[in-house]
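Just so you know, all these numbers are worked out from the coordinates, no wet-lab data involved. Just so we're clear, the structure is a prediction, and the values are computed from it rather than from any experiment. Here the Cβ is made from the backbone with ideal geometry for all residues, glycine too, and neighbour counts use every protein chain on show.
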Amino acid sequence: MRSMTRFSLIAVALTATIGTSSCLGGAGSGPDPLATLTTPERLAQLDSVVPALMDSGAVTGLAIAIATDSALVWSRGFGLRNAETQARVTTNSVFEAASLSKPVFAYAVLQLVDQGVLDLDTPIADYYEYSAITHDERYWLITPRMVLTHSPGFPNWRPRGGRLTIDREPGTEFSYSGEGFVYLQLAVMNLTGEPLDQLVRRLVFEPLGMTSSSYLWQEQFEEVVAMPHGSDGEVLRKNKPQRGRGNAAASLHTTAPDFARFMMAVMNGTRLNDSTAVAMLAPQIDVDSNLAWGLGIGLQGSEAGSAFWHWGDNTGYKAYTISYPEHRVGVVWFTNSENGQSILEGLLAATVGGEHAAATWLGYEAYDSPKRAVRESLVHTYEEHGIDSAVTQYHQLKTTSPVEAFDEFLLNSLGYRLLRAGRIEDAIVVFELNVSEYPDASNPYDSLGEAYLAAGDTARAIVNYEKSVELNPDNTNGVAVLERIRK
């Protein structure tokens, strides 16, 4: 078990570094909002508060765990892991962790740094020649530290079938990127000779007792997996990454108790040298007001104290974790619903409390937002009376609803809802309305082009993709689709 001196070194260094950062504020002098989180009274409240939030946000299923620096305190499953079979979520239910995969991989990488296998500031190209990016000489500048702090200059993901690009000078600014983690994964696999899941199992899963975690699909998951669900509550197709397809940025499968064990290890700096444990939770690059990024994980300052956090967002799965080393407590939850992040702020208020710059920065639409109310009203009208009535109601609602309920993404989300359901002609009507409402925005044209392509109308698809790229030359997806169509 870690010594008090070692734990204090990590917590105090995190606080001191945050206190001197240009973007993070230190702990305030007010009452501690986390003091009662692990008390029986608060935990009993969560048994009723969480299901109420899920019902309000139409979230299918959720698993949650609360841990201190030394023990798993509380874990529960709520709702359904499969709406078709009515199977319930339990603490043993396995979820896609989505981007919560990244800090786990980062933790393994930092152990390799301590072992001298690689260096944080040596160009990754010295370890591995990545043919996907050798066309840009700046790839020689990219280091493991840049990848872990999301500053290699890559996009999050390249367009499907498109070329990987360096869009920003490496090491100069934060720009969230899954591509960077894939690059580092390939280099680490080349250095160690181990596949991703085998490496992380050796360095993280087995030592920490994470017995239900893997970057690959396991046969044991079949009976306990929480299936993904769309915004309508429909069961979606489950991605099952097989051997050779594990992704350090996104394919982790795990349970809430397993991930809580990982949180405890990060709080304690388990399996890391003192300096490395401190560096992981030290601001390496500014993100926003009261936000920075450490080595593989987000950092947040607030009156409640300094915290490390991360979120996950795959199709049909949403997740979040936040821990306060000074208070020696943290929480993680996984949902199997496209609506999962609509209750993010509600769950934060119900668990750790306080203000959260990270939640504001992420900008997810809350379940009780005016935009959601308008969209759900339109969906109801469409299902009951058809597309013409829904369009009429849209114009009526614009005169009676708050202005903030309306932007280009309102109709876009409705259009994609119809497109996924195979109602292509109705989706085109919605996307055409969006184009007429926001003629100077690039994204509505891109979406309309996609709908026309789905309808087999290549000529109209090209016209709209061209308009989208004209309005936004950085629309790499539109450029890639146009190239593919013309070929």
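Worth a mention:
- FRET efficiency, 1/(1 + (r/R0)^6) with R0 45 Å, evaluated for residue 35 and residue 163 via beta carbons: 0.30
- Relative contact order (percent, whole number), segment 370-486, Cα cutoff 8 Å, 6+ residue spacing: 17
- Full extension of the chain segment joining residue 392 with residue 377 gains 4.2 nm, where the gain is 0.36 nm per residue of separation less the Cα-Cα distance.
- With K and R counted +1 and D and E -1, the other residues having a Cβ less than 14 Å from that of residue 470 yield a net charge of -3.
- Each Cα pair under 8 Å and six or more residues apart adds its sequence gap; the mean of these over the residue count of the chain is a relative contact order of 19 percent.
- What you get for the chain, charging only the Cβ of Lys and Arg (+1) and of Asp and Glu (-1), is a dipole of about 1200 debye around the Cα centre.
- Distance between the 7 Å Cα→Cβ label points at residue 237 and residue 71: 4.6 nm.
- Span from the segment 385-419 Cα centroid across to the segment 154-211 one, whole angstrom: 39
- In this simple spin-label approximation, residue 400 and residue 44 carry label points 7 Å from Cα along the Cα→Cβ vector, and these lie 4.4 nm apart.
- Selection among 172, 218, 123 by position relative to the dipole of the chain gives 218 as farthest towards the positive end (Cβ unit charges, Cα centre).
- Rounded tilt (10° steps) of 387-400 against the dominant C-alpha axis of the chain: 70
- Taking Cβ atoms as reference points and 10 Å as the exclusive limit, the residues near residue 215 contribute a net charge of +1, counting Lys and Arg as +1 and Asp and Glu as -1.
- Placing unit charges on the Cβ atoms of the charged side chains and taking the dipole of segment 370-486 about its Cα centre, the candidate lying farthest along the positive direction among 471, 435, 387 is 387.
- On full extension, the segment bounded by residue 131 and residue 218 gains 28.3 nm, given 0.36 nm per residue less the C-alpha separation.
- Nearest 10 degrees, 0 to 90: helix 370-385 Cα axis against the chain principal axis: 40
- Based on C-alpha pairs under 8 angstrom that are at least 6 apart in sequence, segment 147-299 has a relative contact order of 22 percent.
- Within the same chain, lysines fewer than 8 places from residue 398 are excluded, and of the rest, those with a Cα less than 17 Å from its Cα are 371.
- Look at where the Cα atoms of segment 255-305 and of segment 432-487 average out, and the two centres are 40 Å apart.
- Cα long-axis angle, helix 476-486 against the chain (0 to 90 degrees, to the nearest 10): 50
- Residue 115 paired with residue 470, simple spin-label distance in nm, labels 7 Å along Cα-to-beta-carbon: 5.6
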